[in-house]
Amino acid sequence: MTMTSFSNNTYRRPAPASSALQAHTSAGRQSSIANVHTPMPHTGYGSIIATPRYSNLISFTSPSGGIGLSTITALVALTLSMQDIDCALLDADIPHGGLGILLGIEHEPGLSLQDIDAPLGRIDGKAFNLELPHWEGINVLACASWRGQLPEWWQMQAAIQALCEANRMVLADVGDGTVWEYVPELLMAQHVVAVELSVLGLARAKAHLGTAPATAPGASGR
């Protein structure tokens with residue numbers, strides 16, 4: 001396994017949900033996402049250039065499951081923490097996230113994505129940090145789908161803003177990127193793509209990068 005990273009300076013707005021979701025998901029997963037989210041309103045698809053809003057947000061994605069994306073994300077956070085860099089982990093692989101289970105903190109007291117309440121679209125970052133469970137001293141906002149409904153797009157945006165304000169780095173496990181359509185902040189972030197080192201894995205990675213909602217001019221791959 002290897003990791004391919006690319007840094008994006010500018011992005012176009014995501015394509016409409018019908019094309020973006022079809023590109024990323026099977027029919028079954030497309031249905032499950034649509035049932036738990038109200039799409040974020042967009043204007044001027046394809047014509048508006050959007051720049052990264054949070055320079056300390058990093059999205060980890062993978063073209064296929066089962067290659068250790070969540071483990072990679074957690075280990076990078078642990079490495080940063082050991083270097084005295086305050087960071088937080090965000091489980092944004094909706095609706096199939098299980099980062100809390102992987103880390104063994106699913107029964108720890110604290111907020112999950114299902115507990116987010118942001119009626120005004122904003123959450124105080126410092127107070128939010130204090131309410132989160134911790135793993136090895138790292139703040140973790142996990143997805144616990146068995147505890148209730150998944151958050152709407154404005155609640156996800158409020159949580160990302162709070163985490164980025166209160167932590168030096170925020171690492172988001174975004175799975176295959178399905179949630180990009182609903183939370184474009186995760187698309188516009190810096191990226192790390194986990195790739196299976198095989199012909200099929202590299203082909204999947206190429207397709208993954210090519211079907212991301214508008215890989216805009218200015219993006220570079222390494």
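The values are calculated or read from the model by the stated rules, or taken from the named source; none is laboratory data. Note that the structure is a prediction, hence the values are computed from the model and not measured. For neighbour counting, all protein chains shown are included, and Cβ atoms are generated from backbone atoms with ideal geometry for every residue, glycine included. Quick note on the areas: whole protein, heavy atoms, side chains included, nothing else; ligands and nucleic acids left out. Shrake-Rupley method; radii C 1.70, N 1.55, O 1.52, S 1.80 Å.
Within the stretch 111-120, being open to solvent by less than 30 Å² (accessible area, probe 1.4 Å) and assigned to a loop (DSSP other than H, G, I, E, B) holds for Ser112, Ile116, Ala118. Are any residues in the stretch 112-141 over 19 Å from the mean Cα position of the chain (by Cα) and under 14 Å from Asp86 (Cβ atoms), and if so, which ones? Answer for the stretch 112-141, where residues must be over 19 Å from the mean Cα position of the chain (by Cα) and under 14 Å from Asp86 (Cβ atoms): Lys126, Leu130, Glu136, Gly137.
Filtered by the rule that a residue be under 16 Å from Asn139 (Cβ atoms) and in a helix (DSSP H, G or I), the stretch 80-101 gives Leu80, Ser81, Met82, Leu99, Gly100.
For the stretch 49-107, the set of residues classified as open to solvent by 20 Å² or more (accessible area, probe 1.4 Å), under 30 Å from Ala203 (Cβ atoms), at pLDDT 85 or above and among the β-branched types (Val, Ile, Thr) consists of Ile58, Thr71, Ile72, Val76, Thr79, listed by residue number. For the stretch 190-199, the set of residues classified as closer than 24 Å to Ala158 by Cβ and either within 9 Å of the chain's Cα centre (by Cα) or at pLDDT below 85 (or both) consists of His191 only. When Asp93, Asp124 are checked against the criterion of being among the acidic types (Asp, Glu) and within 26 Å of Val193 (Cα to Cα), Asp93 stands alone in meeting it.
Restricting the search to the stretch 134-160, which residues are β-branched (Val, Ile, Thr) and outside any strand (DSSP E or B)?
Ile160
Among the residues of this structure, Ala203 does not count as one that is closer than 23 Å to Gly98 by Cβ and of a type in the set (A, V, I, L, M, F, W, C).
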